[in-house]
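Q: My structure is below; once you've seen it, I'll send some questions.
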Amino acid sequence: MMQLEKEQTAWTPEIIAFCCNYCGFAAADLAGIQRMQYSAGLRIVHMPCTGKIEMEYILDAFERGVDGVLVVGCLEGGCHFMEGNLRARKRTERVCLILDEIGLGSERLKMVNVSDAMAPEFVQHVQEIVSTVTALGPSPLKPSENKESAGES
Ligand code: FES
């Protein structure tokens, strides 16, 4: 009974992974095909390239109350749109500064680079951001009804 109550109140951070079509999404897809386990709180947003991810997309996700954001692009030098992943890294760094400025914490946002075959690395990146965000707790921007289910009042 105690175990059941504990499971019911356990909080799963809500993480959005913006994945580029070529490597990020392919690595996530491969992880699924190989039945690798990762957080049930992960939602993948399929993008043509990380270079297409505007800062507003990331900020909008946080404004809606997600607990963490992962940007997953091709390896440096491997972007199918030349320098999209380099632009994405600069934008991600700028959003990190904003997150620190507003007190949300830059640790909630991370950009990683993978190849299409790097399913284990993809899963590891997901686990890392999940454990970082779990330590930080639910986003203070989370709508109140979601906060209650996340164990806050
Ligand atoms: Fe993967 Fe540009 S196509 S980051």
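The values are calculated or read from the model by the stated rules, or taken from the named source; none is laboratory data. In this text the structure is predicted, and so the values were computed from the model without any measurement. Backbone-built Cβ (ideal geometry, glycine too); neighbour counts: all protein chains shown. Side chains are part of the model used for accessible areas, which takes the heavy atoms of the whole protein and leaves out ligands, DNA and RNA. Shrake-Rupley method; radii C 1.70, N 1.55, O 1.52, S 1.80 Å.
Q: Within the stretch 120-131, can one find any residue that is within 16 Å of the ligand (Cβ to nearest atom) and more than 19 Å from residue 30 (Cβ to Cβ)?
A: There is no residue in the stretch 120-131 that is within 16 Å of the ligand (Cβ to nearest atom) and more than 19 Å from residue 30 (Cβ to Cβ).
Q: If I go through the stretch 66-78 residue by residue, how many of them are touching a helix residue (DSSP H, G or I) at 6+ places or on another chain (Cβ under 6 Å) and more than 8 Å from the ligand (Cβ to nearest atom)? Before you say what the answer is, go through the steps one by one.
A: Of the stretch 66-78, the ones touching a helix residue (DSSP H, G or I) at 6+ places or on another chain (Cβ under 6 Å) are 67-74.
Checking which are more than 8 Å from the ligand (Cβ to nearest atom) leaves us with 67-72.
Residues in the stretch 66-78 being touching a helix residue (DSSP H, G or I) at 6+ places or on another chain (Cβ under 6 Å) and more than 8 Å from the ligand (Cβ to nearest atom): 6 in total.
Q: Also: How do the pairs read when you match residues in the stretch 79-106 that are within 13 Å of the ligand (Cβ to nearest atom) with residues anywhere that are at pLDDT below 95 and open to solvent by less than 60 Å² (accessible area, probe 1.4 Å), using Cβ under 7 Å and keeping only pairs 6 or more apart or on different chains?
A: none
Q: Is it the case that the stretch 69-83 has a residue that's assigned to a helix (DSSP H, G or I) and modelled with pLDDT of 95 or more?
A: no
Q: Tell me which of these residue 31 doesn't satisfy, since it passes every other one: (1) within 28 Å of residue 143 (Cα to Cα); (2) part of a helix (DSSP H, G or I).
A: Here residue 31 meets the rest and fails (1).
Q: Of all residues in the stretch 51-65, which are within 25 Å of residue 134 (Cβ to Cβ) and either within 9 Å of the ligand (Cβ to nearest atom) or not in a helix (DSSP H, G or I) (or both)?
A: 53, 64, 65
Q: Also: Would you check if there is a residue in the stretch 41-50 being exposed (fewer than 14 other Cβ atoms within 10 Å of the Cβ), at pLDDT 95 or above, not in a helix (DSSP H, G or I) and not aliphatic (A, V, I, L, M)?
A: yes
Q: Can you tell me which residue is farthest from residue 22 (Cα to Cα) among those in the stretch 104-119 that are in contact with a strand residue (DSSP E or B) (Cβ under 9 Å, 6 or more places away or on another chain) and open to solvent by less than 20 Å² (accessible area, probe 1.4 Å)?
A: Checked the stretch 104-119; the qualifying residue farthest from residue 22 (Cα to Cα) is 108.
Q: Ok, one more. Report, by residue number, each residue of the stretch 73-103 that is surrounded by 20 or more Cβ atoms within 10 Å (Cβ to Cβ) and among the hydrophobic types (A, V, I, L, M, F, W, C).
A: 74, 79, 88, 95
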